[in-house]
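Colleague: One structure is given below, represented as structure tokens, and several questions about it will come after.
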Amino acid sequence: QVQLVESGGGLVQAGDSLRLSCTVSGRPVSRSGMAWFRQGPKKERKFVAGIDWTHEPSYADSEKGRFTISRDDVKNTVYLQMDTLKPEDTAVYYCAARSWALSTLENEYDYWGQGTQVTVSA
């Protein structure tokens, strides 16, 4: 059984940083396309960042330069380092996994975590 557990969310001020973690059990992240999505209030869930099995990262245009995704194969964990946070980054952040390749489409992911809330105050 594959499980994804996110952690690291919280309430911060604009300009602060947070690091989210997604710990995976039941599937090696080294053989997965791993991604972070987020869903803000009254908004659709959208792709934020991802990393494929070769460690190649990909980012949504609005997050390039502020967010960094990384992976620890020993800990079987994926991280999302978020810097210079803005109020519009407020959302529930979800971790997702699929086989090998990366996708920006949420319906192409097989496994999801429960999400972690990030709230950025002005």
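Colleague: Restricting the search to segment 58-75, which residues are of a type in the set (A, V, I, L, M), out of contact with any Lys or Arg (no Cβ under 8 Å at 6 or more places or on another chain) and assigned to a loop (DSSP other than H, G, I, E, B)?
Modeller: Across segment 58-75, the qualifying residue is only Val74.
Colleague: Select, from Ser58, Ser99, the only residue that is touching a residue at least 40 places away in the same chain (Cβ under 8 Å), under 21 Å from Val5 (Cβ atoms) and either of a type in the set (Val, Ile, Thr) or touching a strand residue (DSSP E or B) at 6+ places or on another chain (Cβ under 8 Å) (or both).
Modeller: So the residue among Ser58, Ser99 that is touching a residue at least 40 places away in the same chain (Cβ under 8 Å), under 21 Å from Val5 (Cβ atoms) and either of a type in the set (Val, Ile, Thr) or touching a strand residue (DSSP E or B) at 6+ places or on another chain (Cβ under 8 Å) (or both) is Ser99.
Colleague: Quick check on segment 1-13: of everything there that is surrounded by fewer than 14 Cβ atoms within 10 Å (Cβ to Cβ) and under 17 Å from Ala91 (Cα atoms), which residue is farthest from the chain's Cα centre (by Cα)?
Modeller: Gln13
Colleague: I need a count of the residues in segment 101-122 that are in a loop (DSSP other than H, G, I, E, B), touching a Lys or Arg at 6+ places or on another chain (Cβ under 8 Å) and open to solvent by less than 80 Å² (accessible area, probe 1.4 Å).
Modeller: 1
Colleague: Looking only at residues in segment 76-100 that are in a loop (DSSP other than H, G, I, E, B) and of a type in the set (Val, Ile, Thr), which one is farthest from Tyr59 (Cα to Cα)?
Modeller: Taking the candidates together, the pick is Thr90.
Colleague: Can you go through Phe47, Phe37 and tell me which one is of a type outside the set (Gly, Ala, Ser), open to solvent by 10 Å² or more (accessible area, probe 1.4 Å) and within 14 Å of the chain's Cα centre (by Cα)?
Modeller: Exactly one residue qualifies, and that residue is Phe47.
The values are calculated or read from the model by the stated rules, or taken from the named source; none is laboratory data. This structure is a prediction, so every number in the text was calculated from the model and none was measured. As a convention, Cβ positions derive from the backbone with ideal geometry for all residues, glycine included, and neighbour counts pool all protein chains shown. In case anyone asks, the SASA skips ligands and DNA or RNA and just uses the protein heavy atoms, side chains included. Shrake-Rupley method; radii C 1.70, N 1.55, O 1.52, S 1.80 Å.
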